[in-house]
Amino acid sequence: MEPEALAQELERSFQLLWENLSLLERHEWESPCLPNGWSPKALVAHVAFWDDFQRRRMEALLQGRRLPRPEMDNDTRAAQDEGRSWEEVVDAAQEARRALVAFTRSLTLPQVTATYREEDGPERPILATLLPHMARHVRDHAQELRGYAGSIARWGREGFRRLYTRQFARFLDAIGGLDEATLTAVPVCGSWSAREVLAHVLAWDEYALEVLQGWPEPDPARLGRWLGPSGVLEDVDAVNQALQEEMAEQTVVELLDGLTTVHRRILRVYDGIPAGELGREGDFGWGERGHRVRFLYEFSLHHAEHTAHLLEGLAGAAAQSD
């Protein structure tokens, strides 16, 4: 992979870390709430440490030197990092990733693909292995934050139900009082109109219902509308386009009726989950596994994402008409 592509992936993965961190409340950033007992602050400090260390390690390799491995293990370092301020940790993480990205962009392709020797080991393409690893490293920790954000431990059964219904209500409220002409003509999400956003959200809410009804192992044949014959979500954009074409004839009224009906059915399934079964792990259908609250949390975020698109796009349209 070219150095510029590697640098862009490092930037994207780091952005994902902050996006998932933003799902948490301020007081949670310094609370030992993650499954391994770390706080999100310790996690960010961990990312900063390894970004800095691995960059210096690669710089040493290019200079024919060897950087000694850290003596302190991750858990010991995390415990120490709890004593640092949030601002200090954030500054260190941003600077370490900035320096790693700048270092990556300074490389030539032959430097990336060259083989290097460390200690008495064989020569191997260390940079070509390590740079993609550093992007995955942050993505894995970003996923860890997202897992906590949508956890049963965080929300509880009734707390999550309130969140889910509130986000859905806000989504519908975003188009309140607007006529069908506006909802079908004004682009609010790329080229999509509000009507097309409604169709998109309805299609994926129907997916959520299918998965919940088939929990813990939904029938792949029932998910073919979204996953195709391969049973794997390979091209989200192509799937979304196909779903739009499938639902193109539905009016705004029909889409709203479908949305409210599917929402009620999802809540009926949720409310019927026996006590103690809510945390039962299942297949999300798109290559991820987890419990049902975690699964539905993704759809709550989906509602929130498109609520923002509707509010911004339709407000812009209203301002232009004034």
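The values are calculated or read from the model by the stated rules, or taken from the named source; none is laboratory data. As the structure is a computational prediction, the values presented were derived from the model and not from experiment. Note: ideal-geometry Cβ built from the backbone for every residue, glycine included; neighbour counts use all protein chains shown.
General remarks:
- Restricting the first member to segment 179-207 and to residues that are closer than 18 Å to R265 by Cα, and the second to residues that are in a loop (DSSP other than H, G, I, E, B), the beta-carbon pairs closer than 8 Å and six or more apart or on different chains are L198/I175; A199/M247; A199/A248; A199/Q250; L202/M247; A203/M247; Y207/G285.
- The number of residues in segment 103-120 being exposed (fewer than 12 other Cβ atoms within 10 Å of the Cβ) and in contact (Cβ under 8 Å) with a residue 60 or more places away in the chain comes to 1.
- Taken together, the criteria place D237 among residues that are outside any loop (DSSP other than H, G, I, E, B), without any contact (Cβ under 8 Å) to a residue 24 or more places away in the chain, surrounded by fewer than 16 Cβ atoms within 10 Å (Cβ to Cβ) and in the same structural domain as F284 (by TED's automatic domain parsing).
- Per-region count, segment 252-279, residues assigned to a loop (DSSP other than H, G, I, E, B) and loosely packed, with under 13 Cβ neighbours inside 10 Å: 5
- Screening segment 297-322 for residues that are at pLDDT 90 or above and either among the aromatic types (F, W, Y) or outside any helix (DSSP H, G or I) (or both) and picking the one that is nearest to I152 (Cα to Cα) gives Y297.
- Being within 30 Å of A315 (Cα to Cα) and either among the charged types (D, E, K, R) or surrounded by fewer than 19 Cβ atoms within 10 Å (Cβ to Cβ) (or both) holds for only one residue in E180, E123, and it is E180.
- Among the residues listed as R292, R195, the single one being at pLDDT 95 or above, of a type in the set (K, R) and under 19 Å from the mean Cα position of the chain (by Cα): R292
- So E249, is it loosely packed, with under 12 Cβ neighbours inside 10 Å, assigned by TED's automatic domain parsing to the domain that holds H303 and outside any loop (DSSP other than H, G, I, E, B): no
- Of residues in segment 185-234 being surrounded by fewer than 15 Cβ atoms within 10 Å (Cβ to Cβ) and polar (S, T, N, Q), the one nearest to T251 (Cα to Cα): S191
- Checking each residue in segment 152-183 for being more than 12 Å from L296 (Cβ to Cβ) and either touching a helix residue (DSSP H, G or I) at 6+ places or on another chain (Cβ under 6 Å) or assigned to a loop (DSSP other than H, G, I, E, B) (or both) picks out G156, R170, F171, A174, I175, G176, G177, L178, D179, E180, L183.
- Condition met for V138 (outside any loop (DSSP other than H, G, I, E, B), in the same structural domain as H263 (by TED's automatic domain parsing) and either under 22 Å from the mean Cα position of the chain (by Cα) or farther than 24 Å from S300 by Cα (or both)): no
- From the list P40, P70, the lone residue that is within 18 Å of the chain's Cα centre (by Cα) and closer than 25 Å to L131 by Cα is P40.
- Reported count of residues in segment 208-234, each being assigned to a helix (DSSP H, G or I) and among the charged types (D, E, K, R), is 3.
- Selection status of Q54, among the polar types (S, T, N, Q), more than 23 Å from F299 (Cβ to Cβ) and touching a residue at least 40 places away in the same chain (Cβ under 8 Å): yes
- Whichever residue in segment 58-74 is in a helix (DSSP H, G or I) and in contact (Cβ under 8 Å) with a residue 12 or more places away in the chain and, among such residues, is surrounded by the most Cβ atoms within 10 Å (Cβ to Cβ): M58
- In segment 9-31, residue surrounded by the most Cβ atoms within 10 Å (Cβ to Cβ) [restricted to those that are outside any helix (DSSP H, G or I) and without any contact (Cβ under 8 Å) to a residue 24 or more places away in the chain]: S31
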